[in-house]
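In what follows, a structure is listed as structure tokens, so that the remarks can point back to it.
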Amino acid sequence: MDIVLKNAKVYTSDEQQPWADTIAVREGRFVFVGQESDWSDDGSFTVHDMLGRLVLPGLIDSHTHPSLVAESQWHVRLPWTHDVVALLEFIRAFGEAHPPEEMPFLYFEYYPSTLFGGGQPTKELLDGAISDRPVLCQDFSEHSHWVNSKMLELMEITAATPDPVPGLEMFARDETGEPTGHLLENVHHHFIERMYARLGWRPPTGLTAEGMRPFFQFMTEHGVTALFEALVADEDTLRSVAELDAAGELHVHYEGAPRFRTLDDLPEAIETVHHYQATYGNDHIRIRTLKLFLDGTNESGNSALLKPQSDDRCGENHGEIQMDLDDLTACLVQCNRSDVDLHIHMVGDRAFRNGCDAVETARKRATEDGDEWRIQVTFAHCELVDPADMSRPAELGIIVNWTTHWSGGYFGEEAKKYLGDERWNRMYAFNDIATSGAALTFSSDVVTQYELNRGNPFFGIHVAHNRVDPQYPLDPSRHPDSVRPDAASKLSLERLIKGYTIDGARQLRIDDRTGSIEPGKIANFVVLDEDLFSSDTDTFLETKPQVVFFEGRAVSGSL
Ligand SMILES: [Zn+2]
């Protein structure tokens, strides 16, 4: 249907023409963007008076996890409490109400990361609640877990089992080497198949079109018209996304990134990317990026730091880095040559510096070899960046991706233990990076059904603009009005919209087709019920798209 929206307040994300009051859409594309006085109607368009409502380009979530959310649907939600006894009582009663025949493995999320103060959870404590079957409780940070003895037994973990990735994916142990029941990162992923085999049971997979549909529906309803899946672990994911697309139910441009771990893994991973693209790639689906983890998290003390961790008396613990500079440089050169982009998880300031150094060297090497530098490198998270490195993404053409809804109190003050006050106070600072000219993109990074509500881009815009988390506010007695320091790192509405639209499109390499409201581009846009530019900043949260258009068609709501 060909339509004209007039009397609208259109924010275009096109620097040449940031505002318009009239747009026309024909055959799925914008054919006019400008002032009503310049529009000549030939009578073939249906005209809608927008009564001054705000129109934005479709939003882009440039780091999220549809398949992890789909797969988490069988997990059990824990009550949010800092009382260990109450938590264990909930777990015990749940186990009693749901016998092993019904639920052979119980997966609870989440317990607060500070539940045990400076200590760690133990398998014995959990055994006291349930010992007749394996139980896993996930820490709120997503980077550690608490399991019972039955789970260790069925995974065949003993004092003699080596840690698969020392320093990162490992078992906490007592003085005799016996695992205590506290797991760091997803160490259990290396062993859990043994447990499923012994149970003769597997969790219901969410990696079907039906399992993944609710995630995409949620995103569509909240104005998202393109997204980047930051880790495709399984081909079933792509098969399901392709199935939704074939059924006309995928209303986003989708890109998915498989993962690799080492330089040795890379050639096979590149093959996988090319194979997936050949099998599933089309106008809506693209696979041309690889994901790499360079360090862990600031909350679990395994981020790579320039200065030692604050709680380390010897001054030697700089956290862990997963790939040295030479290997990372070689990976970049190889990806560039193979037309594969790289999306790198990095959290600590040493990971960020190493990443920049590697890109700088790889660019020089590619030029010396006569290769054009065409790879797109995205650094995801970048929670702590040394002031000396702020302008390097702009100089090196690196895109920086930030998960907006983390900007307030979501992770509390847990990283302080490792970073100390000074470093904690300057986390999540992106204005200098963007001001120096780098593209800054935004994301939800939701990994479970539990936090899907925070995947709403307007929730993220709210938190990043105010640096206050409405769900998990920082203690106001320590942080006035619960504002997370540094207040100067609040992101402006214009910067947030740019990152959620045109810069997000650049990261996904679809900026030639979408990301802004310009004649010739695909008509992906949202009509909002609230004018963000003139409303109170503490109401961004409540903003909802009234209508979401994908390829010129209303896919949520109607005019
Ligand atoms: Zn992620």
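Descriptive notes on the structure:
- Across segment 216-233, the number of residues qualifying as within 16 Å of the ligand (Cβ to nearest atom) and in a helix (DSSP H, G or I) comes to 1.
- Residue match in segment 424-445 (condition: within 20 Å of Glu109 (Cβ to Cβ) and not assigned by TED's automatic domain parsing to the domain that holds Lys544): yes
- Per the conditions (1) away from the ligand (no atom under 16 Å from the Cβ); (2) within 27 Å of Phe379 (Cα to Cα); (3) open to solvent by 10 Å² or more (accessible area, probe 1.4 Å); (4) in contact with a Ser or Thr (Cβ under 8 Å, 6 or more places away or on another chain), the sole criterion not satisfied by Gly211 is (2).
- Candidate set: segment 343-374, residues that are surrounded by 23 or more Cβ atoms within 10 Å (Cβ to Cβ) and of a type in the set (A, V, I, L, M); chosen: the one farthest from Asp265 (Cα to Cα): Val347
- Taken as a whole, the condition of being under 30 Å from Asn456 (Cβ atoms), out of contact with any Ser or Thr (no Cβ under 6 Å at 6 or more places or on another chain) and free of Cβ contacts under 8 Å to residues at least 40 places away in the same chain does not apply to Tyr107.
- A search for C-beta distances below 6 Å between a residue of segment 201-215 that is over 16 Å from Glu235 (Cα atoms) and of a type outside the set (Lys, Arg) and any residue that is open to solvent by 10 Å² or more (accessible area, probe 1.4 Å) and in a loop (DSSP other than H, G, I, E, B), counting only pairs 6+ apart in sequence or on different chains, returns Trp201/Pro104.
- Exactly one residue among Thr176, Thr158 is more than 30 Å from Phe459 (Cα to Cα), in contact with a helix residue (DSSP H, G or I) (Cβ under 9 Å, 6 or more places away or on another chain) and either open to solvent by 10 Å² or more (accessible area, probe 1.4 Å) or among the charged types (D, E, K, R) (or both), and that residue is Thr158.
- Of the residues examined, Asp327 is not one that is surrounded by fewer than 24 Cβ atoms within 10 Å (Cβ to Cβ), in a loop (DSSP other than H, G, I, E, B) and modelled with pLDDT of 95 or more.
- The residues listed here are Arg202, Arg198; of these, the one that is surrounded by fewer than 18 Cβ atoms within 10 Å (Cβ to Cβ) and at pLDDT below 95 is Arg202.
- Residue match in segment 353-365 (condition: part of a helix (DSSP H, G or I), touching a Pro at 6+ places or on another chain (Cβ under 8 Å) and at pLDDT 95 or above): yes
- Among the residues of segment 57-108, those identified as within 16 Å of the ligand (Cβ to nearest atom), farther than 30 Å from Arg495 by Cα and open to solvent by less than 30 Å² (accessible area, probe 1.4 Å) are Ala70, Ser72.
- Residue count for segment 373-389 satisfying the condition of being within 16 Å of the ligand (Cβ to nearest atom) and of a type in the set (Val, Ile, Thr): 1.
- Criterion (open to solvent by less than 30 Å² (accessible area, probe 1.4 Å), on the phi > 0 side of the Ramachandran plot and part of a loop (DSSP other than H, G, I, E, B)) met by exactly one of Gly296, Gly319, Gly315: Gly319
- Residue, most open to solvent (accessible area, probe 1.4 Å), within segment 381-409, restricted to residues that are outside any helix (DSSP H, G or I) and closer than 21 Å to Ser310 by Cβ: Asp386
- In this structure, Val526 does not satisfy being within 30 Å of Val4 (Cβ to Cβ), free of Cβ contacts under 8 Å to residues at least 40 places away in the same chain and of a type in the set (Val, Ile, Thr).
- Residue in segment 234-273 that is farthest from Phe216 (Cα to Cα), counting only those that are without any contact (Cβ under 8 Å) to a residue 12 or more places away in the chain and part of a helix (DSSP H, G or I): Glu268
The values are calculated or read from the model by the stated rules, or taken from the named source; none is laboratory data. Everything numeric in this text was worked out from a predicted model, so none of it was measured. Here the Cβ is made from the backbone with ideal geometry for all residues, glycine too, and neighbour counts use every protein chain on show. Heads up: the accessible areas ignore ligands, DNA and RNA and are worked out on the full protein's heavy atoms, side chains in. Shrake-Rupley method; radii C 1.70, N 1.55, O 1.52, S 1.80 Å.
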